[in-house]
1. Quick check: residue separation of A:V146 and A:N68 times 0.36 nm, minus the Cα distance between them. What number comes out in nm?
2. Lysines near B:K246 by alpha-carbon distance under 19 Å, same-chain residues fewer than 8 away left out - which ones?
3. Using a 1.4 Å probe on protein heavy atoms, which residues of region B:105-122 have at least 20 Å² less accessible area in the complex than alone?
4. Need one number: nm distance between label points at A:W221 and B:A120, each 7 Å from Cα along Cα→Cβ, rounded to one decimal.
5. Take each complete run of DSSP H in chain B, measure how far its Cα atoms stretch along the helix's own axis, and keep only those covering 15 Å or more with mean Kyte-Doolittle hydropathy at least -1.0; list them.
6. Just counting partner chain Cβ atoms within 10 Å, what average do the residues of peptide A:166-179 show around their Cβ?
7. Heavy-atom accessible surface, probe 1.4 Å, ligands and DNA/RNA ignored: which residues of region A:261-305 lose at least 10 Å² versus the isolated chain?
8. Give the interface area between chains B and A as buried accessible surface, both sides summed, probe 1.4 Å, in Å² to the nearest 100.
Amino acid sequence: MLLALGMAAVWLGTAAGSQGLQFGGSTGVDAVTQQILWDIRLPRSLGAWLGGALLGLAGAVAQGLFRNPLADPYLLGSASGASLGVGLCLSWWGASTWAMGSWLGLGLTGAAFVGAVLAVLLTLLLARGVEQTLRLLLAGVVVGVVLGAVTSLVSLLQPQVLQAMQGFMLGSTAFVSWSACLTLALVLAVCNVPALAFARVLDALTLGESTAQSLGVPLSWARMVLVVVIALATGAAVAHIGLVAFVGLAAPHLVRTLVRCTHAWRVILSALMGGALLVLADVMARVLFAPQELPVGVLTAVLGGGYLLWRMYRDADSRSGDGGRA
Amino acid sequence: MADRRCSMGRTLALVGLLVLVCHRPVLAVTVQDERQQPVHIPHAPQRIVSLLPSLTETVCALKQCDKLVGLDRYSNWPESLKSLPRVGGGLDPHIESIVALRPDLVLAAGSTRGADRLQALGLNVLRLEPRNHADAQRALRTVAQALHVSEADSERVWQNIQAGVQAAAQSLSPAARQQRVYFEVSPAPHGASASSFMGETLARMGVANILPASMGPFPQVNPEWVVQARPDVIMAGDSSRASLLKRPGWDRLKGMQGQRLCVFRPDESDMLVRAGPRMAEGARLMADCLNRSVAETHRPQGSVQPGASR
């Protein structure tokens, strides 16, 4: 039932996305209108959905894995890693025409993905594996801060990349092509399998680490795989749509408030919810100030942040003192 | 008789057709973009979208303004372009709006995702990102080639610009030429070194810059270092106006006194920082500032007020 509802929301989002007109050229069905619909809006809406779904999935997995409702998919340093990748790519691009050629094959998207995955690897290295959750979290935060500082340093030394960097940090779905959609869909499919396979582990983890272990759950294995899932999902999403804030945090929360279920369902529903959220936000970003366009990341940060604050406020009201989960 | 007339008419028509065919100039050109990649332009572009102000100005300097159908939000010169549709900025172009304009040529900066996406959608994208005087010349030549403007015409445009820069340099009084300048581009503060576009303009006027080329084009400088370097004249954009007056130790700097501080209005800054065909106007602004600054020394020192720039 809820699944159907989620799907309906997604389809509504996609449909609205294709009709959020920015100009008056929709009357005749000519080649250009066709191209706008099929080659720009559709991949864009689909890309927004896929990216949101990846972030929602990664968020649900992260919150389950770290047993912390504050966990978000960028927790392991992928966001700052991606920024650094983009910053380095841009500054080299600007510095010499020679380096441009070699980077061209990789491009900004590739640089962001490589940066995100390397940052998570660095976090794993610092935390010496995935055995201790707390250590992993701490390493993730440290890597995030350090890489963020290095990114600032790069943009200070090369001020001409500052603007382009900012464009990336705000997140945008405007440049998503069909091939990007394909990549995102593949990653989503690949990430779904282990996330669902190990959802039972997340269920067991809610009872506490030692209980989970005594239940005979392959904990370290599952942790490793799930961390890789988070890295892959966020890396791919960040590379194609930039740093979109709060979708990964808000989607699992929304699901949790709407329905009580096992982690398998929660992961699926969070992915669907994330997708729907981002598509809706993207549509709003396009039509709010049409023909001007807002970077979708700004909108999700404002809306998602507002929503979370409101929920926290309401929770504190209804159950004063209970800091637990909804 | 009728037969002969008919065949004569046919011959005439044939000759006419031949003349028409031969008269059509060779249309397809291939130009090199910033990355040395060839860009093939099959016919003279009639619908151009420009995503960089300096390239917009270059198109207009070549008297091809009427071919422009869409601009980025920062292109603001010449005035006649005001009514053209805006298609976002260079970094966040509205892909849909650009495609809807059906351009046969898009002029864009080099390293943007938007340019990649537009190219992937089948548009003809020419990437140029003029950052200095040499780039500006190359961009002018390349755009002229792409727009099928004759080399002689584009050369004449360039010569005019150079004559303007030269005239600005010659207008400097000997005292003005002795001044050492600090040019601030943002209140961070980022300065313009000798290797930046503005630095090159200053150098061509024979004026010294306190920031050497070795620091990179736009180094972030320590305010203390500027105090130590003791610039005679400070030039800055409008965004620096408020923060300049508040910096500790700067109030006694020679370059902050009276007319020695030139804060340029945003529209003036555009001429100064855009590596395009208005570089002569930019040079003229700098020369006026320098001449004013030395004229000031003969009068009693004024209070610390940013001098109006005109």
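1. Numbers: separation 78, 0.36 × 78 = 28.08 nm, distance 2.29 nm.
Between A:V146 and A:N68, full extension yields an extra 25.8 nm.
2. B:K254
3. Residues meeting the cut-off: B:S111, B:R113, B:R117, B:L121.
4. Distance between the two pseudo-spin positions: 3.8 nm.
5. Details: long enough: B:2-23 (31 Å, 0.89); B:133-146 (20 Å, -0.46); B:151-170 (28 Å, -0.64); B:279-296 (26 Å, 0.06).
Span-like helices, by this rule, are B:2-23, B:133-146, B:151-170, B:279-296.
6. Working: counts 1, 7, 2, 0, 2, 0, 4, 0, 9, 11, 2, 5, 1, 1.
That average works out to 3.
7. By number: A:P291, A:Q292, A:E293.
8. Details: alone 15730 and 15600 Å², together 28790 Å².
In total, this chain pair buries about 2500 Å².
The values are calculated or read from the model by the stated rules, or taken from the named source; none is laboratory data. Here the structure is a predicted model, which means the values were calculated and not measured. Neighbour counts are summed over all protein chains in view; Cβ atoms, including those assigned to glycine, are modelled from backbone coordinates with ideal geometry. Surface accessibility is based on the protein's heavy atoms, side chains included, excluding ligands, DNA and RNA. Shrake-Rupley method; radii C 1.70, N 1.55, O 1.52, S 1.80 Å.
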